[in-house]
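*Asks:* Next up is a structure, given as structure tokens.
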Amino acid sequence: MNNKRKELIVSAISNGTVIDHIPANKLFQVIRILDLEKSDKEVYFGTNLESKKYGRKGIIKISEKYFESSETDKIALVAPTATLIEIKDYEVTKKTTVNIPDTIERIAKCFNPNCVTNKEQVPTKFKVIKINGEIKLACHYCEKNTSQSNMVFN
Amino acid sequence: MKNRSLISINDYSKEEIMQVLELAAEFEKKPHQNLLHGRVIASLFFEPSTRTRLSFESAIQKLGGNVIGFSSAATSSVQKGESLKDTILTVCNYSDLIVMRHPVDGSARFASEVASVPIINAGDGANQHPTQCLLDLYSIKKTQGTLENLEVTFVGDLKYGRTVHSLVIALCHFNTKFHLVSPVELKLPSAVKRHIKEANLQYEQYTDFSEVIPKSDIIYMTRIQRERFPDPLEYEKVKNAYILDNGMLDYARENCKILHPLPRVNEISTNVDDNPKAYYFEQALNGVYVRQALIAAILGLK
């Protein structure tokens with residue numbers, strides 16, 4: 001009975017990827033950074049769902065979509081607890097947790113408007129650091145830290 | 001250090017910092033040495049400066065070298081829309097070393113990645129100013145006889161002052177005790193305080209200036225800039241709160257010295273200038289020796 005009700009909350013997909021265990025308050029940021037608003041595939045999402053591990057979680061299901069590592073790096077930065085589940089013909093074919101990379105290049109923007117990466121044609125480069133448990137991007141050029149709430153991706 | 005750019009004070013280890021300071025002491029004893037004969041140093045100041053540019057050019061000329069360059073972006077091809085990369089690649093063809101100041105944060109690091117000659121960062125926006133930091137360290141060592149175990153007080157704009165950030169980070173090598181005096185709006189950023197914490201050193205923050213004077217071996221004054229305040233009223237409230245007057249130094253330690261990266265506006269009363277504790281003009285002179293030392297070390301001439 002319980003399982004059935006859970007199924008109904010967010011529809012199953014035949015082929016594609018499920019992003020599970022997204023912190024509930026990060027769901028919309030993940031949707032934004034993956035640019036899902038522009039997707040022409042079936043996309044389902046839910047948030048504030050019950051989770052045994054995390055209390056409340058968000059989930060996204062995207063049909064016919066499998067992610068590249070540059071995309072999973074972005075997910076890891078805002079939702080480090082996320083799990084990626086690949087589905088083929090209704091079966092789970094692969095289940096991975098996202099890994100926070102040590103460095104990221106090109107995919108994120110520096111929040112400092114006076115940084116050389118925002119003024120000249122210079123690709124961004126960051127070290128990923130953790131301060132008091134929060135992930136931040138330390139800019140290789142201007143040495144300023146971009147916090148999670150300021151992260152904008154290319 | 002040979003052939004390596006100096007972009008951020010973090011690029012140098014404690015040992016390398018000490019090497020530069022020792023070499024600077026040699027140049028102080030003998031400033032005129034013909035080490036740079038036939039060498040060309042480019043001095044690219046995309047943003048105006050008095051002390052930094054002139055002390056670099058003085059350092060180069062005392063070493064017998066030649067200087068080429070410009071003292072504002074207005075007199076370079078930047079005005080025609082040339083990119084920083086193109087300017088740097090061009091100047092590399094004409095020089096053995098580039099000294100550069102630029103208003104954009106991170107511009108010096110980027111320049112060092114495209115340049116075929118070493119770059120010395122003479123200030124990149126609000127980010128780093130490592131040669132100022134080295135001359136500050138030299139001034140502290142010279143006046144106190146050591147860099148170890150001192151109590152250093154920073155006063156004024158600790159939020160935006162790049163010289164403050166670099167010096168605090170560098171002093172973390174030397175078991176310093178930090179006293180940080182500023183209005184609440186201009187406190188030292190947490191990213192800089194993290195360095196103090198990681199080094200397991202102590203710091204205290206104050207909004208009142210007078211109580212820390214008797215505890216200080218060095219008082220490092222900075223200018224509070226009007227343009228840092230979104231609300232002009234806020235600036236008016238704090239602008240006169242951190243002015244050092246000669247009378248306040250009655251309770252200072254015997255060995256205490258006053259430093260200031262200059263330019264000064266009104267944060268040090270002119271009646272302090274004749275006090276033997278005032279050291280800011282000698283501090284500016286030390287910049288020449290430190291820059292001679294850096295140029296000689298980076299070009300492998302010492």
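The values are calculated or read from the model by the stated rules, or taken from the named source; none is laboratory data. Values in this document were obtained by computation on a predicted structure and should not be read as measured data. Counting neighbours? That spans all protein chains shown, and the Cβs are built from the backbone with ideal geometry, glycine included.
*Asks:* Across the stretch A:101-116, which residue is nearest to A:ILE129 (Cα to Cα) among those that are of a type in the set (A, V, I, L, M) and outside any loop (DSSP other than H, G, I, E, B)?
*Replies:* Step one: filter the stretch A:101-116 for residues of a type in the set (A, V, I, L, M), giving A:104, A:107-108, A:116.
Subset that is outside any loop (DSSP other than H, G, I, E, B): A:104, A:108, A:116.
Numbers: A:ILE104: 11, A:ALA108: 14, A:VAL116: 21 Å.
Here the answer is A:ILE104.
*Asks:* With the checklist (1) crowded, with 20+ Cβ neighbours inside 10 Å; (2) out of contact with any Gly (no Cβ under 6 Å at 6 or more places or on another chain) in hand, flag the one item A:TYR90 doesn't pass.
*Replies:* (1)
*Asks:* Another question about this same structure. Based on this model, can you work out whether A:VAL128 counts as touching a helix residue (DSSP H, G or I) at 6+ places or on another chain (Cβ under 8 Å) and buried (at least 19 other Cβ atoms within 10 Å of the Cβ)?
*Replies:* Details: touching a helix residue (DSSP H, G or I) at 6+ places or on another chain (Cβ under 8 Å): yes; buried (at least 19 other Cβ atoms within 10 Å of the Cβ): no.
It is false that A:VAL128 is touching a helix residue (DSSP H, G or I) at 6+ places or on another chain (Cβ under 8 Å) and buried (at least 19 other Cβ atoms within 10 Å of the Cβ).
*Asks:* Sticking with this structure for a sec: Let me spell it out: the conditions are (1) surrounded by 15 or more Cβ atoms within 10 Å (Cβ to Cβ); (2) out of contact with any Lys or Arg (no Cβ under 7 Å at 6 or more places or on another chain); (3) of a type in the set (Phe, Trp, Tyr), and B:TYR235 meets all of them except one. Which number is the exception?
*Replies:* That leaves (2) as the condition not met.
*Asks:* Has the stretch B:45-67 got any residue that is part of a helix (DSSP H, G or I), basic (Lys, Arg), within 27 Å of B:ARG162 (Cα to Cα) and away from chain A (no Cβ under 14 Å)? Break it down into steps so the answer makes sense when it comes.
*Replies:* To start, the set of residues in the stretch B:45-67 that are part of a helix (DSSP H, G or I) comprises B:51-62.
Narrowing the set further to residues that are basic (Lys, Arg) leaves B:51, B:53, B:62.
Subsequent filtering for residues that are within 27 Å of B:ARG162 (Cα to Cα) retains B:51, B:53.
Add one more test, that the residue is away from chain A (no Cβ under 14 Å), and what stays is B:51, B:53.
Yes - at least one qualifying residue is present in the stretch B:45-67.
*Asks:* Now a separate question. Taking the stretch A:101-124 as the region of interest, how many residues are more than 9 Å from chain B (Cβ to nearest Cβ) and among the hydrophobic types (A, V, I, L, M, F, W, C)?
*Replies:* Residues in the stretch A:101-124 being more than 9 Å from chain B (Cβ to nearest Cβ) and among the hydrophobic types (A, V, I, L, M, F, W, C): 4 in total.
*Asks:* Let me ask something else. Could you look through the stretch A:125-135, keep only residues that are more than 9 Å from every other protein chain (Cβ to nearest Cβ) and assigned to a strand (DSSP E or B), and pick out the one that is farthest from B:VAL114 (Cα to Cα)?
*Replies:* A:GLU134
*Asks:* Next question. Among the candidates B:GLN61, B:GLN33, B:GLN19, which residue alone is in the same structural domain as B:ILE98 (by TED's automatic domain parsing), surrounded by fewer than 17 Cβ atoms within 10 Å (Cβ to Cβ) and within 30 Å of B:ALA191 (Cβ to Cβ)? Please lay out each step first, then the result.
*Replies:* Values: B:GLN61 fails: within 30 Å of B:ALA191 (Cβ to Cβ); B:GLN33 fails: within 30 Å of B:ALA191 (Cβ to Cβ).
Selected residue: B:GLN19, the only one of B:GLN61, B:GLN33, B:GLN19 that is in the same structural domain as B:ILE98 (by TED's automatic domain parsing), surrounded by fewer than 17 Cβ atoms within 10 Å (Cβ to Cβ) and within 30 Å of B:ALA191 (Cβ to Cβ).
*Asks:* Grab the strands (runs of 3 or more DSSP E) fully contained in the stretch B:140-228, keeping just those with 1 or more residues being in contact with a His (Cβ under 9 Å, 6 or more places away or on another chain) and surrounded by fewer than 16 Cβ atoms within 10 Å (Cβ to Cβ).
*Replies:* Once the strands (runs of 3 or more DSSP E) in the stretch B:140-228 are filtered for at least 1 residues that are in contact with a His (Cβ under 9 Å, 6 or more places away or on another chain) and surrounded by fewer than 16 Cβ atoms within 10 Å (Cβ to Cβ), what remains is B:203-206.
*Asks:* Same structure, new question: Can you tell me how many residues in the stretch A:34-56 are in contact with a helix residue (DSSP H, G or I) (Cβ under 6 Å, 6 or more places away or on another chain) and over 12 Å from A:VAL18 (Cα atoms)?
*Replies:* Going through the stretch A:34-56 one residue at a time, the tally reaches 3.
*Asks:* I would also like to ask the following. Tally time: how many residues in the stretch B:102-123 are on the phi < 0 side of the Ramachandran plot, assigned to a strand (DSSP E or B) and either among the aliphatic types (A, V, I, L, M) or more than 8 Å from chain A (Cβ to nearest Cβ) (or both)?
*Replies:* From the stretch B:102-123, those on the phi < 0 side of the Ramachandran plot are B:102-105, B:107-122; that's our starting set.
Right, trim to assigned to a strand (DSSP E or B) and you get B:102, B:105, B:119-122.
Going one step further and asking which of them are either among the aliphatic types (A, V, I, L, M) or more than 8 Å from chain A (Cβ to nearest Cβ) (or both), we end up with B:102, B:119-122.
So the answer is 5.
*Asks:* How do the pairs read when you match residues in the stretch A:39-53 that are in contact (Cβ under 8 Å) with a residue 12 or more places away in the chain with residues anywhere that are of a type in the set (S, T, N, Q) and in a loop (DSSP other than H, G, I, E, B), using Cβ under 9 Å and keeping only pairs 6 or more apart or on different chains?
*Replies:* A:GLU42/A:SER11; A:TYR44/A:SER11; A:LYS53/A:THR81
*Asks:* Would you point out the residue of the stretch B:246-274, among those that are more than 24 Å from B:ALA122 (Cβ to Cβ) and of a type in the set (Lys, Arg), that is farthest from the chain's Cα centre (by Cα)?
*Replies:* If we take residues in the stretch B:246-274 being more than 24 Å from B:ALA122 (Cβ to Cβ) and of a type in the set (Lys, Arg), then B:ARG253 is farthest from the chain's Cα centre (by Cα).
*Asks:* While we're looking at this one, here's another question. Answer yes or no as to whether B:THR90 is surrounded by 23 or more Cβ atoms within 10 Å (Cβ to Cβ) and either free of Cβ contacts under 8 Å to residues at least 40 places away in the same chain or away from every other protein chain (no Cβ under 14 Å) (or both).
*Replies:* Details: surrounded by 23 or more Cβ atoms within 10 Å (Cβ to Cβ): no; either free of Cβ contacts under 8 Å to residues at least 40 places away in the same chain or away from every other protein chain (no Cβ under 14 Å) (or both): yes.
No, not satisfied.
*Asks:* Contact list please: Cβ distance under 9 Å, first residue in the stretch B:212-240 and of a type in the set (Phe, Trp, Tyr), second residue part of a loop (DSSP other than H, G, I, E, B) and crowded, with 20+ Cβ neighbours inside 10 Å, pairs at least six apart or on different chains.
*Replies:* B:TYR220/B:GLY156; B:TYR220/B:HIS260; B:TYR220/B:PRO261; B:TYR235/B:ILE224
*Asks:* Can I ask one more? I need a count of the residues in the stretch B:230-269 that are among the aromatic types (Phe, Trp, Tyr) and within 13 Å of B:SER182 (Cβ to Cβ).
*Replies:* Residues of the stretch B:230-269 that are among the aromatic types (Phe, Trp, Tyr), as a first pass: B:235, B:242, B:251.
Adding the requirement that they be within 13 Å of B:SER182 (Cβ to Cβ) leaves B:242.
The number of residues fulfilling the criteria is 1.
Yes/no matrix, rows are residues, columns are (1) under 18 Å from the mean Cα position of the chain (by Cα); (2) farther than 21 Å from B:SER13 by Cα; (3) within 14 Å of chain A (Cβ to nearest Cβ); (4) not aromatic (Phe, Trp, Tyr):
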| site | (1), (2), (3), (4) |
| --- | --- |
| B:GLU151 | no, yes, no, yes |
| B:SER166 | yes, no, yes, yes |
| B:LYS177 | no, no, no, yes |
| B:LEU188 | yes, yes, no, yes |
| B:LYS193 | no, no, yes, yes |
